[in-house]
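Trainee: My structure is below; once you've seen it, I'll send some questions.
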Amino acid sequence: MRGYAAVSVLAFHACMLSWEIIATGMAPVIVFFVLSGFLLARSLDRDPDPVTFVRHRLFRLLPAAIATVLLLTLAYQSFGFYLGFLPSFDPVNIVLNALLIKSDINGAMWSLTVECVAVPVILISHALLSRHGTMPVWFLVVVLVALSLWGPYVHLLGGFTNLAPLYAFVVGLLLQSGGIALGRASPSQSLLQSPWATFVASAAFVVMVIVAVRKQTAVTIAFETLCASALIWLAAFDPGKLAVLRPLDLEIARFYGRISYSFYLLHLIGLTIAARLLPLDQQPVIRAAILFLAALLITTPAAWLMWRFVEMPFIGLGRRRMVTKGAWRRQLL
């Protein structure tokens, strides 16, 4: 699912560079957010220590983000290359972008700023869920949904950052909790065992596509969160692997899922290079298709290299630190 989301963000942005559209590629980002909440809830179920959780997030998010900002800084200083509007490349702004506090050097990184904001929200939500059940967590979702209608909250962090979909992380956490309860239910009680499962999955996909190509508002974001939740629920907990979800098991989808973070970070670079190399006189649809394919060919190997030589080594380093810490605790005991 991450693989499809990453590639579809590229497709949206290729269309944006080819003609005037009101869609911005928010829907795939919402899928990323719900998935992150879902998977991070599983991580907290295994180890609820907040220090370990935050350290894991730092090793997961920052190295590739820092590498991307440094790459763009080098490209600007060497070739005058930049994405979209010319940002400031002074040292302070470079550091702020590398630490995901700002995102004007690479606009796509606004969603990572939201993910950093989501870290304490997820920790609080998981603690509430563990101690008091789902009710207070659903109350938090209602509050965040209400805030998504309020402009000052949505644009609180400035720049490209949009806080409206922050609650999608909490919804993902609740999905994981619901999946645990689902595992305790009898098969006859489960929607997943009924013919409605295929209908729900198909309807969620269709509605997602419809709202994804519209102007993004609090309402469309809510629909995208709902559709993403339905698809993730069915993909994670369906014991029979619905035919409509089998494309998620394709090896090419899994490949792009593995490199999706680096692909997302680098896709605007691939698009910008492709746009500068291609002529401007094609029909908009043809230009968008060519831009998409060219950027896909440029971004994919670059994303694999970053995944292989930046993401994986630092994830491994974070895990080794956790193993070492665990061994040290056992020796003390």
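Trainee: Taking the Cα atoms of segment 36-86, report the difference between the largest and smallest coordinate on each principal axis, in whole Å and largest first.
Mentor: 47, 18, 11
Trainee: Calculate, in nm to one decimal, what ASP47 and LYS241 gain on full extension: separation in residues at 0.36 nm each, minus their alpha carbon distance.
Mentor: Gain on extension, ASP47 to LYS241, equals 66.9 nm.
Trainee: Turning to a different aspect of this structure: Using the charge dipole of the chain (Lys, Arg: +1 at Cβ; Asp, Glu: -1 at Cβ; taken about the Cα centre), state which of THR24, PHE223, LEU129 has its Cα farthest towards the positive end.
Mentor: LEU129
Trainee: What are the DSSP H helices in the chain that stretch 15 Å or more along their long axis, judged by alpha-carbon atoms, and whose average Kyte-Doolittle hydropathy comes to at least 1.0?
Mentor: Taking the DSSP H segments of the chain (at least 15 Å long, mean hydropathy at least 1.0), we get 2-16, 26-46, 50-79, 110-132, 134-147, 167-184, 196-212, 218-237, 260-277, 284-306.
Trainee: Give, rounded to the nearest 20 debye, the magnitude of the charge dipole that segment 2-332 has about its Cα centre when Lys and Arg contribute +1 at Cβ and Asp and Glu contribute -1 at Cβ.
Mentor: 1000 debye
Trainee: In addition: Under the rule of -39500 (n - 2.57) per DSSP H run of 4 or more residues, summed and divided by the residues of the chain, what mean residue ellipticity at 222 nm is obtained, to the nearest 500 deg cm²/dmol?
Mentor: -24000 deg cm²/dmol
Trainee: Taking a quarter of the surface of the Cα convex hull of segment 2-332, what do you get in nm²?
Mentor: Projected area, direction-averaged: 19.1 nm².
Trainee: What residue among ALA64, VAL207, TYR4 has its Cα farthest toward the positive end of the dipole of segment 2-332, where the charges are +1 on Lys, Arg and -1 on Asp, Glu, each on the Cβ?
Mentor: ALA64
Trainee: Next question, about the same structure. Considering the dipole of the chain built from charges on the beta carbon (Lys and Arg +1, Asp and Glu -1) around the Cα centre, which of ALA164, LEU291, LEU248 is farthest to its positive end?
Mentor: Of the candidates, LEU248 comes out farthest on the positive side.
FYI, it's all coordinate maths here, none of it is from the lab. Predicted, not measured: the structure shown is a model, and the values here were computed from it. Positions of Cβ are backbone-derived with ideal geometry, glycine not excepted, and every protein chain shown enters the neighbour counts.
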